[in-house]
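So the structure is just underneath, and the comments pick up after that.
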Amino acid sequence: MYVCVCYGVTDKQVKQAVDNGAVDLKSLQKALNVGTQCGKCIKTTLEVMQQQLDVT
Ligand code: FES
């Protein structure tokens, strides 16, 4: 599913970035641009990040 419509970022991409060490919002923004336009996806992005951190 798409997390960030502005940049077409999927939950899969966010999870992959978390696996690669992007474990805070700033790193995810740097890696994927996620949440840097309208910001509406930040909450979901953080939820997906947390989900991934919980399973790893
Ligand atoms: Fe992610 Fe707009 S939906 S910045």
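Rule-based calculations on the coordinates, nothing more; no lab input. For clarity, every value in this text was computed on a predicted model and none was experimentally measured. Heads up, the Cβs are rebuilt from the backbone with ideal geometry, glycines too, and the neighbour counts pull from every protein chain shown.
Cysteines in the chain lacking any other cysteine Cβ under 4.7 Å from their own Cβ: Cys6, Cys38. Rounded to the nearest 500, the 222 nm mean residue ellipticity of the chain from helices alone is -16500 deg cm²/dmol, with -39,500 (n - 2.57) taken per DSSP H run of at least 4 residues. Considering only alpha-carbon pairs that sit under 8 angstrom and 6 or more positions apart, the relative contact order computed for the chain is 38 percent.
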